[in-house]
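Here's the structure we're looking at; comments come further down.
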2 protein chains.
Amino acid sequence: MVKPKGAGKRSVCPVACALDVIGDRWTLLILRDLFVGKTHYREFLASPEGIATNILASRLDELAANGLIRATPSREREGSRSYRLTARGRSLLPVVRAIKEWGLAQIPGTRALVGMKTGDR
Amino acid sequence: MVKPKGAGKRSVCPVACALDVIGDRWTLLILRDLFVGKTHYREFLASPEGIATNILASRLDELAANGLIRATPSREREGSRSYRLTARGRSLLPVVRAIKEWGLAQIPGTRALVGMKTGDR
DNA sequence: GCCAATCACTTGCATTTTGCAAGTAAATTG
DNA sequence: CAATTTACTTGCAAAATGCAAGTGATTGGC
């Protein structure tokens, strides 16, 4: 089990343990971007929500440390990394999709991003 | 649309807008507890993750302000409130369930809470 | 090859949020 | 009635986020 963030105590609850890995806004937004097909720092940085550079770098590191993404040397630019979902990370699709669908149903003015992969890899 | 938390910019993305409402660990844990059937402050406080009293009070207020729960005078104790999911709140069940199932599948040592309502109200 | 621009992060510090523990008023219990 | 319990509230320390500048590497133009 992942060590709980903050002062939260240990719990065997799968919701709590999952939230220790993904339970913050920026992590989930980055996951959304990964499902949309973004792979590079610059792309995540350009998302409309405006993540801070330190938060983005830190979150990508954590996602990699938790086995949700793999960072490989980029073929586009020397010295930068390409980030891709692992199978473990891809298995979060139902979570991201459920959030999206709730948002579409309950929040006026929202529109789905073009290109989010909802099918099989 | 709900005003974005922190310095996040406005976005039409349903994931981002939904996360403005529910995208933090404590909110999702409280939602879990509500689905389990907890209704009172004391019950949420007793969850194994150990939420702080100020965070609990603040989150319950926000959930109510966002129309996800309704606070009514408690029949159990004078002067306290009973918190229940609204229909809008209940429509988050697929989100909480998806998180739970990911946790069960991906995080060793987790066990589902007894009594979480997965069927229809 | 040189230099400016761009990029991928990193750093320093201000602001905000969370966490801890004590406080307070109301309600319950003995 | 006094003590205990409960439902929050408050004050402040610790942690996280946000902003903006910094740094080294790479690219592109000349």
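Computed from the coordinates by the stated procedures, all read-outs in this text should not be read as laboratory data. This structure is a prediction, so every number in the text was calculated from the model and none was measured. Every residue, glycine among them, receives a Cβ derived from its backbone with ideal geometry; neighbour counts consider all protein chains shown.
At 222 nm, what helix-only mean residue ellipticity would chain B give, in deg cm²/dmol to the nearest 500, using -39500 (n - 2.57) for each DSSP H run of four or more?
Numbers: 6 runs with 57 residues, N = 121.
One gets -13500 deg cm²/dmol as the mean residue ellipticity at 222 nm.
Counting only other chains, what is the mean number of Cβ atoms within 10 angstrom of the Cβ of each residue in peptide A:82-93? Let's see the in-between values first.
Numbers: counts 0, 0, 0, 0, 0, 0, 3, 1, 0, 4, 4, 2.
Counting other chains' Cβ atoms within 10 Å and averaging over A:82-93 gives 1.
Which order do the peptides B:52-59, B:39-46, A:33-40 come out in when sorted by mean C-beta neighbours inside 10 angstrom, highest first? Before the final figure, lay out the partial values.
Values: B:52-59: 13.4, B:39-46: 15.8, A:33-40: 18.8.
Ranking the peptides B:52-59, B:39-46, A:33-40 by packing returns A:33-40, B:39-46, B:52-59.
What's the average, rounded to a whole number, of partner chain beta-carbon atoms within 10 Å of each residue's beta-carbon in A:29-36?
Details: counts 7, 0, 1, 5, 2, 0, 1, 2.
For peptide A:29-36, the averaged partner shielding equals 2.
Packing-wise, with mean Cβ within 10 Å as the measure, how do B:17-24, B:77-84, B:92-99 rank, highest first? Can you show the working numbers first?
Details: B:17-24: 23.5, B:77-84: 13.9, B:92-99: 20.9.
Listed from highest to lowest mean packing, they are B:17-24, B:92-99, B:77-84.
Counting only other residues whose beta carbon sits under 14 Å from that of A:S74, what net charge do I get with K and R as +1, D and E as -1?
Details: positive: A:K38, A:R42, A:R70, A:R75, A:R77, A:R81, A:R84; negative: A:E43, A:E76, A:E78.
With Lys, Arg at +1 and Asp, Glu at -1, the net is +4.
When Cβ neighbours within 10 Å are restricted to other protein chains, what is their mean count per residue of peptide B:44-52?
4
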